[in-house]
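Student: Below is the structure I would like to discuss, written out as structure tokens.
The values are calculated or read from the model by the stated rules, or taken from the named source; none is laboratory data. Every value quoted in this text rests on a predicted model; they were computed, and no experiment measured them. Because the Cβ atoms are built from the backbone with ideal geometry, glycine has one as well, and the counts that use them run over all protein chains shown.
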Amino acid sequence: MYKPLSVFVGLRYTAAKRGNHFISFISLVSMLGLMLGVAALIVVLSVMNGFDRELKQRILGMVPHAMLQAYGEPLRDWQALSERISGSEGLEGSAPFVQAQGMLTHAGRVRAVLVNGIEPELEPRVSIIGEHLERGSLNDLADRDYNIILGSLLARYLAIGVGDKVTLVLPEASVSVAGITPRLKRFTVSGIFSVGAELDANLAYIHIADAARLKRLPAGSVEGLRLRFDDLFSAPMRVRELASQQSQPISASDWTRTHGNLFQAIQLEKRMIGLLLFLIVFVAAFNIVSTLVMVVTDKQSDIAILRTMGATPSLIMRIFMVQGVVIGVVGTLLGTALGVVLALTVTDLVAWLEQALGIQFLSADVYFISYLPSQLQWPDVTLITTAALSISFLATIYPAWRASRTQPAEALRYE
């Protein structure tokens, strides 16, 4: 099989079977460094993509994309408002809500909680709560039954299960014959949900009519409408357009006020970690430079002999570029394969380690999810592979150029 002379000699120099074995070892180290750098970059960016996906699907699937509320008063005719905006561009659904902050107590344990009063039939339009119920159903929330659905971490902290009683304490005082007392109401736990996020520890759901009575809202009124859009990032702009189109004063808010900082932090961390890990690839590229410089120094006499036999400077340059490109291509391809495999399995690997070691690396009490997510995105893989190959190629130019400048007389003077 025909091989160009530059390819044949370059591959021989890469193996270095009869020459300096130390150079062969350095070539192997350069290849492994590039492989590990590429693999680490793919895995870490996949994990960051996983956190980004979980934030969008889980956290922002539970909280509203946007909300419409009346200024300083309850929203009385919410059905009419819902009908007026129902055909708006990008709007997938709307549902009324009443929200209250308070404390849940049971058997001496107290936990702060955000209580959402919802309409069970309409809530699936704006939330994924129905898809993550471990026990119970949204239909268990009925008017005047005073049932409540809790997050799994909240239920675990309070040591309660389905059928147990829990007391909701609202930070609003009631004046009675006995004096000023906090507003209390006893609920029955009818369901438990789990989304694997911080919401499991501080969120609860009750029927919207029960919530309205607790907050003493006028009959038939709610605090506002929760909205869900097809495009998460267009929600801030679209909800403000909807609010400005209404005849009555309507205030608009969106998810960026509650979880925007978290999303921006993940995006910033992804960029910074990617930049830092690219330094590993640059270090591996410098290893290629040092390897080729050592090879050029070691092969001075060989280069001189080739030059005296008629080899042109461009041929000498191509020989050493072949050696550097082989190191870069093999290291990059091996790193890409390793990174893709690890990115697809890292979630299961970490879960296995947690089970084997009996520890939890990510606690939902501290982090917004309780497991290590990963989402492999092929554009990222393509970008990383292309960048690594480009850097490897550029790293070969100077040593190869230096080899092509070798003067036969100077190289063979002391031979």
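Student: Does H106 fit the bill of being touching a Lys or Arg at 6+ places or on another chain (Cβ under 9 Å) and either under 18 Å from V166 (Cβ atoms) or not assigned by TED's automatic domain parsing to the domain that holds L184 (or both)?
Tutor: The answer is yes for H106.
Student: Any idea which residue in region 298-321 is nearest to T406 (Cα to Cα), counting only those that are of a type in the set (G, A, S) and part of a helix (DSSP H, G or I)?
Tutor: A304
Student: Within region 4-53, track down each residue that is basic (K, R) and modelled with pLDDT of 60 or more.
Tutor: Answer for region 4-53, where residues must be basic (K, R) and modelled with pLDDT of 60 or more: R12, R53.
Student: Considering only region 117-148, state which residues are surrounded by fewer than 19 Cβ atoms within 10 Å (Cβ to Cβ), of a type in the set (G, A, S), in contact (Cβ under 8 Å) with a residue 40 or more places away in the chain and not in a loop (DSSP other than H, G, I, E, B).
Tutor: none
Student: If I filter region 355-382 down to residues being under 23 Å from S152 (Cβ atoms), polar (S, T, N, Q) and surrounded by fewer than 18 Cβ atoms within 10 Å (Cβ to Cβ), which single residue comes out as modelled with the lowest pLDDT?
Tutor: S363
Student: Right, something else. Please work out which residue is nearest to Q99 (Cα to Cα), limiting yourself to region 218-234 and to residues that are aliphatic (A, V, I, L, M) and modelled with pLDDT under 90.
Tutor: By that ranking, first place goes to A219.
Student: A further question follows. State the number of residues belonging to region 335-354 that are surrounded by fewer than 17 Cβ atoms within 10 Å (Cβ to Cβ), within 24 Å of S370 (Cβ to Cβ) and of a type outside the set (D, E).
Tutor: Count: 6.
Student: While we're on this one: Looking at the structure I just gave you, is I327 in contact with a Pro (Cβ under 9 Å, 6 or more places away or on another chain) and more than 30 Å from Q360 (Cβ to Cβ)?
Tutor: no
Student: If you go through region 383-392 one residue at a time, do you hit one that is at pLDDT 80 or above, surrounded by 14 or more Cβ atoms within 10 Å (Cβ to Cβ) and either within 30 Å of F193 (Cβ to Cβ) or of a type in the set (D, E, K, R) (or both)?
Tutor: no
Student: Just checking: which of the strands (runs of 3 or more DSSP E) contained wholly in region 200-293 hold 2 or more residues that are among the hydroxyl-bearing types (S, T, Y)?
Tutor: Of the strands (runs of 3 or more DSSP E) lying wholly inside region 200-293, those with at least 2 residues that are among the hydroxyl-bearing types (S, T, Y) span 250-254.
Student: Out of all the residues in region 149-197, which are part of a loop (DSSP other than H, G, I, E, B) and modelled with pLDDT of 90 or more?
Tutor: Residues satisfying the conditions are A159, I160, G161, V162, G163, D164.
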